[in-house]
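Undergrad: There's a structure below that I have some questions on.
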Ligand SMILES: [Zn+2]
């Protein structure tokens, strides 16, 4: 693991204006603000739409919205690592190491390196045993050989092995899943026991695959959800490995400065856990969105069904908790008659009181006033 002081030091010693100037010409546009043409090859920028904020050490394009974040007023853009990730199309770890090298900061030693090395050797031997029935099973689930290689999926003779990568591409251990589940067992995946190296409540599967210039992180349950979503181009889909969201997960997401999108099964258990998670985020002062999947389906099913439309599906169906609750009520009443309004009033009051964010409460109140002429 790269210690936080190392990451902070690299950031401190990197001047984002100088860094970005290597990719596009910047001119001063005000106190601490620089501008230039957007270096995004898909954005044929004729105006200087690209902004760099010197004090915040952040960047964003005002037109194609790359790097833009709306999570926090004081930190509008993305950081230097996200810039390098985006422009060079590399992973976060590579971006950190590249800037460290540039700044002349040597990589700190990791006392767990011997374990990572051993796990890497194990992972490679497991991939060699993935053939025959086990291989065909994964093909049936919608994976290709390329996906299996990308995520280094293997087989230990009884169970599939999913390497648990950290952000720095070290393998902390393996999540294992039966090929043939013995009778009487109801565990789907088996994670390593919590210890110094791996702790389930601080772990998100797929975290090594994040695009940090993208504003959202999508939270699902299992490795197959993350892998199949990624296969079809959905961004930043991670899995909690079958556990409920913990304060540890929340602190990781908070440090990433991304908006979490909870992707939940639409069954009763899913909705219950969603409410808990929304409240947990609110407790940490964080805003989140939710995506309710069709009854009984998980993200892996949705990805196989929608294929390359999966990213669009996530974007157009993610809503806030308030929107979800309101939709639920309005589905039951669709008249503006006085009698209905009288019935509606206490329910609306209750729903609004359950929304954990003040800004959202006000927006929803305003919406109800316009739509139903009810002043709450
Ligand atoms: Zn742009």
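The values are calculated or read from the model by the stated rules, or taken from the named source; none is laboratory data. Note that the structure is a prediction, hence the values are computed from the model and not measured. Glycine gets a Cβ as well: all are built from the backbone with ideal geometry, and neighbour counts include every protein chain shown.
Undergrad: Residue check: is residue 76 closer than 18 Å to residue 36 by Cβ, modelled with pLDDT of 95 or more and away from the ligand (no atom under 12 Å from the Cβ)?
TA: no
Undergrad: Anything in the stretch 296-329 that is touching a helix residue (DSSP H, G or I) at 6+ places or on another chain (Cβ under 9 Å), surrounded by fewer than 18 Cβ atoms within 10 Å (Cβ to Cβ) and not in a helix (DSSP H, G or I)? List them, or say none.
TA: Listed by number, the residues that qualify are 297, 319.
Undergrad: Restricting attention to the stretch 10-29, which residues are within 16 Å of the ligand (Cβ to nearest atom) and either out of contact with any helix residue (DSSP H, G or I) (no Cβ under 6 Å at 6 or more places or on another chain) or in a strand (DSSP E or B) (or both)?
TA: Those that are within 16 Å of the ligand (Cβ to nearest atom) and either out of contact with any helix residue (DSSP H, G or I) (no Cβ under 6 Å at 6 or more places or on another chain) or in a strand (DSSP E or B) (or both): 20, 24, 25, 26, 29.
Undergrad: Among the numbered conditions (1) over 24 Å from the mean Cα position of the chain (by Cα); (2) touching a residue at least 12 places away in the same chain (Cβ under 8 Å); (3) surrounded by fewer than 14 Cβ atoms within 10 Å (Cβ to Cβ); (4) near the ligand (Cβ under 10 Å from one of its atoms), tell me where residue 32 comes up short.
TA: (4) is the only condition that residue 32 fails.
Undergrad: Hey, could you check the stretch 48-68 for residues that are within 10 Å of the ligand (Cβ to nearest atom), part of a loop (DSSP other than H, G, I, E, B) and without any contact (Cβ under 8 Å) to a residue 24 or more places away in the chain and say which is surrounded by the most Cβ atoms within 10 Å (Cβ to Cβ)?
TA: 49
Undergrad: Does residue 88 count as within 28 Å of the chain's Cα centre (by Cα), under 30 Å from residue 34 (Cα atoms), without any contact (Cβ under 8 Å) to a residue 24 or more places away in the chain and surrounded by fewer than 16 Cβ atoms within 10 Å (Cβ to Cβ)?
TA: For residue 88, the condition - within 28 Å of the chain's Cα centre (by Cα), under 30 Å from residue 34 (Cα atoms), without any contact (Cβ under 8 Å) to a residue 24 or more places away in the chain and surrounded by fewer than 16 Cβ atoms within 10 Å (Cβ to Cβ) - is met.
Undergrad: Give the number of residues within the stretch 222-235 that are surrounded by fewer than 24 Cβ atoms within 10 Å (Cβ to Cβ), assigned to a loop (DSSP other than H, G, I, E, B) and at pLDDT 95 or above.
TA: Number satisfying all stated conditions: 3.
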